[in-house]
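The values are calculated or read from the model by the stated rules, or taken from the named source; none is laboratory data. Predicted model only: the values in this text are computed from it and were never measured. Note that we place each Cβ from the backbone using ideal geometry, even for glycine, and neighbour counts take in every protein chain shown.
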Amino acid sequence: MSDDPKSDWLGGADAPPPKPAADPTASARGPGKPALPKRFYAAAGLAEAEGGLRLTLDGRPAHTPARNPLVLPNRGLAEAVAREWEAQVGVIDPATMPLTRLANTAIDGVAPRRDAVIDDLSAYAGTDLLAYRAGEPDRLVAAQSAAWDPVLDWARENLGARFILGEGVMHVAQPEDTVAALRRAIAATDGPFRLAALHTLTTLTGSLVLALAVLAGHLTPAEAWAAAHVDETYQASVWGTDAEAAARHALRTAEFEAAAHLAALARREPERGSPKT
């Protein structure tokens, strides 16, 4: 982001992109985080636009970091994003705006390269967490089976994806029919917003199957997140946890929950109506 956040978010589509930092690694080396931009607007609202509802700041149309219109596909998601902007106090803190960040990703990163995102997600079909099992101890083996076997049964019955299980970290090649079935499920994901959510859910869990189960409503986000952390839960029961690990887990949990929330909101049909002011 440049030194002029108002220009960054409200600049026209033909405006130059924000200037990159002279040294991209400077903030990582510095003593603290970069200063957050001040809140420059009085109110966030919505206006009708092609493809849905567009975020406005003091009535002016907002843009994504790549200067694309910040348009949300339906009122539910649009109002949720607007609430994130209204909730900013004094400064604009992207860390407290997970839906806005995901929306920007969907518009700037997923929409223009949908095929590449599908390819990236399809690669998880051959490395899905649920296919790699522990050989011991018995309690962990049982916990994995209890959490993962029902989800794999669902994938087989509903997606046509039958997994071959392996033990340990040795790669297990999955049947071509399984990989093809999962790719079809990915490609059937409607719209860039849900595809962006699917990508986030998959990368955070290491399991395409768990992510697809959340999008399909077969698992709640909490159920999927717990299933993705069977190993960590077992290790914590044996060795305990530390504050740093717990903090990292909390951040990732929040990111996962935001992606699941966005996926649920974006599933609704586009709505039109009086713009929110």
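Observations, loosely collected:
- Test result for Ala185, over 17 Å from Ala125 (Cβ atoms) and either surrounded by 13 or more Cβ atoms within 10 Å (Cβ to Cβ) or not charged (D, E, K, R) (or both): no
- Subset of the range 133-169 [touching a Gly at 6+ places or on another chain (Cβ under 8 Å) and either in a helix (DSSP H, G or I) or not assigned by TED's automatic domain parsing to the domain that holds Glu223 (or both)]: Val141
Conditions (1) crowded, with 17+ Cβ neighbours inside 10 Å; (2) over 25 Å from Leu72 (Cα atoms), marked per residue:
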| site | (1), (2) |
| --- | --- |
| Ala180 | no, yes |
| Thr200 | yes, no |
| Thr205 | yes, yes |
| Val209 | yes, yes |
| Leu212 | yes, no |
| Val230 | yes, yes |
| Ala243 | no, yes |
| Arg267 | yes, no |
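- Condition check for Gln144: buried (at least 18 other Cβ atoms within 10 Å of the Cβ), farther than 19 Å from Ala226 by Cα and in contact (Cβ under 8 Å) with a residue 40 or more places away in the chain: no
- Of the residues making up the range 245-265, those that are in contact (Cβ under 8 Å) with a residue 24 or more places away in the chain and surrounded by fewer than 18 Cβ atoms within 10 Å (Cβ to Cβ) are Arg252, Thr253, Ala254, Glu255, Glu257, His261.
- The set of residues from the range 189-210 being more than 8 Å from the chain's Cα centre (by Cα), closer than 25 Å to Val71 by Cβ and of a type in the set (A, V, I, L, M) comprises just one member, Leu195.
- Test: residue in the range 86-93 that is under 19 Å from Phe193 (Cβ atoms), at pLDDT 95 or above and not polar (S, T, N, Q): no
- Residues of the range 83-130 that turn out to be more than 18 Å from the chain's Cα centre (by Cα), assigned to a helix (DSSP H, G or I) and free of Cβ contacts under 8 Å to residues at least 60 places away in the same chain, as a count: 4
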